[in-house]
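The values are calculated or read from the model by the stated rules, or taken from the named source; none is laboratory data. Since this is a predicted model, take the numbers as computed values, not measurements. Positions of Cβ are backbone-derived with ideal geometry, glycine not excepted, and every protein chain shown enters the neighbour counts. Just the protein is used for accessible areas: all its heavy atoms, side chains included, with ligands, DNA and RNA removed. Shrake-Rupley method; radii C 1.70, N 1.55, O 1.52, S 1.80 Å.
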Amino acid sequence: MTSLPADSHVHSEFSWDTGGPASAARGTMRATCERAVRIGLPGLFFTEHLDLEDAWVSDHEDFDEHEAHLLDEDGVVSVPRFDVEGYLEEIDRCRAAFPELAIGTGLEFGQPGLRTDAARAQLDLTAFDRIIGSLHTLELDDHRVEPNTMFRRLTAGDVIRRYLAEVPAVVAADGPHEVVTHIDYAVRYWPEEAEGPFDPRRFEEELRGAMRAIADSGRALEINTRRLRPWIPQWWAEEGGRTISFGSDSHTALDIAANFPEAMALADWAGFRPGADPRELWRR
């Protein structure tokens, strides 16, 4: 039986969308490590959010109560600077407390193709064990807007197509990330009540095109296990993808490695196999 792979997409109190290290989320990193050991997870990477948007706007209803203070009255979003020193200190404490768990450092870098210079001005990006790249915001009227906000302004199909059109230009662009995460991010907010269930076949050409661009960049694609979609590993393999990672995208300890056995079965079915080290990417 194949052991669980490392969880390559984990957040703690050092990600701004948990509330931050001074909030009720304090202690999330340690609690996550405790649960990882309890369930037999061999390793994980704490990939904290690095979002450096300078023109991000949102509707107030799209931010939870613990995040509401990050929006001004005009809906302009300002997130706090990543506390890298505090983060690394807590990583060291957890490594000492949980020697049986391989704990890697990391970042979830939002829009890396647009923000790499700004990130390098703030951080030594080479100091992190794993950097995953994500696309969270899209251009709209001279601002950056998340899909959940954009669905109120454009048709549902237009939002999905805009998102997938920007994947090759932004997420797969030159940058420090080795993995592209949640290619289905916009689908999370699909207005099912009005549109019915999301049908990937309606956007198959665009989805496959985005996957080809990522594959051509030599990067891995993440199977984000918050919501399992069998067509992702299948189409990724068919479009030339060679490597995958597994990421729970957890923001609480209980969500670590969620749905990993099912995700592993999907990856195996699509032809991906684990390496000798559970922290390695799976390959075809």
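Summed over qualifying helices (DSSP H, 4 residues or more, each -39500 (n - 2.57)) and divided by its residue number, the chain shows a 222 nm mean residue ellipticity of -9000 deg cm²/dmol.
Let me know the shape class of segment 1-53, please: from the alpha-carbon gyration tensor, a ≥ b ≥ c as square roots of the eigenvalues, rounded when a/c is under 1.5, otherwise prolate if a/b is greater than b/c, or oblate. Because a/c hits 1.5 or more and a/b fails to exceed b/c, segment 1-53 counts as oblate.
Computed over the alpha-carbon pairs of segment 75-192, the distance histogram in 10 Å steps reads 12, 36, 31, 16, 5, 0 percent, short to long. Model label points for A194 and A258, set 7 angstrom from Cα along the Cα-to-Cβ axis, are 2.6 nm apart. Take C33: with every protein chain present and a 1.4 Å probe, its accessible area is about 0 Å².
Element breakdown for segment 197-284 at a 1.4 angstrom probe: carbon and sulfur atoms account for 47% of the accessible area.
The value of relative contact order for the chain, using C-alpha pairs under 8 Å at least six residues apart, is 21 percent.
Convex hull volume of the C-alpha atoms in the chain, normalised per residue: 129 Å³. Across the alpha-carbon set of segment 130-237, the Rg to Rh ratio works out to 0.94, Rh being the Kirkwood radius.
FRET efficiency for the pair E204 and E61, taken as 1/(1 + (r/R0)^6) with r the Cβ-Cβ distance and R0 = 22 Å, rounds to 0.10. A Förster radius of 25 Å combined with the Cβ-Cβ distance from R152 to R226 puts the calculated FRET efficiency at roughly 0.65. Using the 1.4 Å probe convention, the accessible area of the chain works out to 44 Å² per residue with neighbouring protein chains retained. Computed from the Kirkwood radius of its Cα pairs, the Stokes-Einstein diffusion coefficient for segment 151-214 at 37 °C and 0.692 mPa s stands at 263 µm²/s. Surface calculation, 1.4 Å probe, protein heavy atoms: T126 sits at approximately 120 Å² accessible. Computed over every Cα-Cα pair of segment 31-94 and binned at 10 Å starting from 0, the pair-distance distribution P(r) comes out as 17, 34, 27, 20, 2 percent. Please work out the C-alpha center-to-center distance from segment 144-166 to segment 20-86 and express it in whole Å. About 23 Å separates the Cα centre of segment 144-166 from the one of segment 20-86. Carbon-plus-sulfur accessible fraction, segment 66-170 (probe radius 1.4 Å, protein heavy atoms only): 46%. Classification of segment 223-284 by its C-alpha gyration tensor yields an oblate form. The axis ratio a/c (a ≥ b ≥ c) is 1.5 or more, and b/c is at least a/b. Here segment 109-126 is scanned for amide nitrogen atoms under 20 Å from the site 7 Å beyond the Cα of E85 along Cα-to-Cβ, giving 119-126. Considered as an equivalent ellipsoid built on the Cα gyration tensor, segment 1-153 has semi-axes of 30, 17, 15 Å, the largest given first. Loop sites here are GluC sites (Glu not before Pro) outside DSSP states H, G, I, E and B with no more than 12 other Cβ atoms within 10 Å. The longest part of the chain free of them is 101-284.
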